[in-house]
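One structure is given below, encoded as C-alpha cells.
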Amino acid sequence: TNLSPLELGDDENNLWMVFSHDRARFEIRGLRDQRARGELGVGEKHAEFPAPTMPYGTTYLFNAHAVYQYDSDQQLMFERMHLPRNEVVAVPPEPAGDNIVMLSNRAAYIYSGREAMNGIDLLQPLMRVPMSGQVGNLSRMDMIETLDGYLVSFTYTWGVWSGELQHPFQQVLRVDGKGNTHEVARRVISNDLPATYTDRNTWLSPLLRALCMGAQRLFAADDPLTAKPQPVSQRVLALAAACCLLALLGAIWLTARQQHSSLARWSWVLLCGVVGLPALASLWLLYPRRETMPMAVPNAPPVAA
C-alpha cells in the first residue's frame, strides 16, 4: 500500500491531479466540473515518471529515485533531486536549519535551502554523509548545525526486539564545509532485554525461522530499505540445539504411550528432533493420551472356616 494517496490538488488553478499507473503521468481534472484537463509529466515535455510518484507535504513529490516539485504558476513538475542509480529514497526531503536533508538507503544528502526556494533547477548536493550501518536498522538520525558544517548522529537500534539486529550502536560524524566526514564518537548500545526473549524466534525452532525468512523473499524482490538479519550468538544456537534434543527425547517418551505404527512413531521422533519444541507440542495436541478405564476386581472365593 502507498504511504499517501497518489494525488494532489492545485487550489489556485482549481485542479486535481491523480497519478495514472497506465500512463505514468498525472491525469488532471477540474475541481468544479471534474472534466479532464490533460496530463502532467516531468518538465515542459511532460515525460513519463520512472516510477509511481506520491506527494509529500505541500511542496514535494517523490518516488524511489528522484524528488519533484510542482509549480502552480507554470502548472509544471520539475525534477529537483536525483539519486545515483544504486540508491533509493528512504526519507523524503526535510528542513535542516537553512538547508534541506534527504536520506537514501546509503547516505544522507544535504541541499541548499536557498537554491531550493529560489529556483526550479535540478539541485546538486552540498554534502553527502555516508552511513556505516543499514538503513533498515536506523531508528534515529539527529543533525546539529555548526559554524562550518554539521554534527550528524546515526542510531541503529531498529530490529533489536525481534533479534534481527544483534549489535546496536550509535555513531556521531562531523561534516565540515567541504563535505569531508570525520567520526567523532561511536558507542555500543547495550540491550536491556535478555537474549532468550529477543531471539525467541530462533531458539524455539531454527528450521521454522529459516523457512519463514526464506518464504518472505521467495516471490518478492529484495527490498533495499530492509536490513538483513544478523547471525545470532553461540549461546542462542546452543539453546536451540538443547531444545531440539529435548524435543527429540520428549517425542520418544510420548510416542511410546500413544498408538502409532513403527514408521509413524519414528517419523514423529525425527520431526521433533529437527523442528524442535513446536513439533513436540503438535504431537501432544494431535494425539491426546487415551483414558484408561479401571478394571473390575474379580470376586474372591469364600474362605472356609
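In this structure, does residue 185 turn out to be loosely packed, with under 14 Cβ neighbours inside 10 Å and either at pLDDT 90 or above or among the β-branched types (Val, Ile, Thr) (or both)? So residue 185 passes the test. Residue 57 meets the conditions (1) at pLDDT 90 or above; (2) within 23 Å of residue 150 (Cβ to Cβ); (3) assigned by TED's automatic domain parsing to the domain that holds residue 9 in every case but one. The failed one is (1). For residue 165, are the conditions met, namely being touching a strand residue (DSSP E or B) at 6+ places or on another chain (Cβ under 9 Å), of a type in the set (A, V, I, L, M, F, W, C), at pLDDT 95 or above and at negative phi? Against the criterion (touching a strand residue (DSSP E or B) at 6+ places or on another chain (Cβ under 9 Å), of a type in the set (A, V, I, L, M, F, W, C), at pLDDT 95 or above and at negative phi), residue 165 does not qualify. For segment 216-235, the condition holds for at least one residue, the condition being that it is modelled with pLDDT of 90 or more and in a helix (DSSP H, G or I). Screening segment 75-184 for strands (runs of 3 or more DSSP E) wholly inside it with 1 or more residues that are closer than 23 Å to residue 59 by Cα returns the ranges 76-82, 89-96, 99-104, 107-111, 127-130, 138-145. Residues considered: 210, 220. Of these, the only one that is closer than 30 Å to residue 84 by Cα, outside the structural domain of residue 129 (by TED's automatic domain parsing), out of contact with any Ser or Thr (no Cβ under 6 Å at 6 or more places or on another chain) and among the aliphatic types (A, V, I, L, M) is 220.
Table: residues versus (1) surrounded by 12 or more Cβ atoms within 10 Å (Cβ to Cβ); (2) at pLDDT 95 or above; (3) part of a strand (DSSP E or B).
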position	(1), (2), (3)
22	no, no, no
34	no, no, no
38	yes, no, yes
64	yes, no, no
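Restricting segment 66-101 to residues that are of a type in the set (A, V, I, L, M) and closer than 22 Å to residue 222 by Cβ, the residue that is surrounded by the fewest Cβ atoms within 10 Å (Cβ to Cβ) is 91.
Considering only segment 63-117, state which residues are among the hydroxyl-bearing types (Ser, Thr, Tyr), within 29 Å of the chain's Cα centre (by Cα) and more than 25 Å from residue 172 (Cβ to Cβ).
Quick first cut of segment 63-117, residues among the hydroxyl-bearing types (Ser, Thr, Tyr) only: 68, 70, 72, 104, 109, 111-112.
Imposing the further condition that a residue be within 29 Å of the chain's Cα centre (by Cα) reduces the set to 68, 104, 109, 111.
Matches in segment 63-117: 68 only.
Among all positions in segment 247-257, there is at least one residue which is surrounded by fewer than 17 Cβ atoms within 10 Å (Cβ to Cβ), among the aliphatic types (A, V, I, L, M), touching a helix residue (DSSP H, G or I) at 6+ places or on another chain (Cβ under 9 Å) and touching a residue at least 12 places away in the same chain (Cβ under 8 Å).
Restricting attention to segment 52-62, report how many residues are in a loop (DSSP other than H, G, I, E, B) and within 22 Å of the chain's Cα centre (by Cα). Quick ask: steps written out before the conclusion?
Applying the first criterion (in a loop (DSSP other than H, G, I, E, B)) to segment 52-62 yields 52-53, 57-59.
Those left that are additionally within 22 Å of the chain's Cα centre (by Cα): 52-53.
So the answer is 2.
Whenever a residue of segment 41-56 is within 9 Å of residue 24 (Cβ to Cβ), its partners that are charged (D, E, K, R) and surrounded by fewer than 16 Cβ atoms within 10 Å (Cβ to Cβ), lying with C-beta atoms within less than 7 angstrom and at least six residues away or across chains, give the pairs 41/48.
The values are calculated or read from the model by the stated rules, or taken from the named source; none is laboratory data. Just so it is clear, the model here is predicted, and its values are computed rather than measured. As a convention, Cβ positions derive from the backbone with ideal geometry for all residues, glycine included, and neighbour counts pool all protein chains shown.
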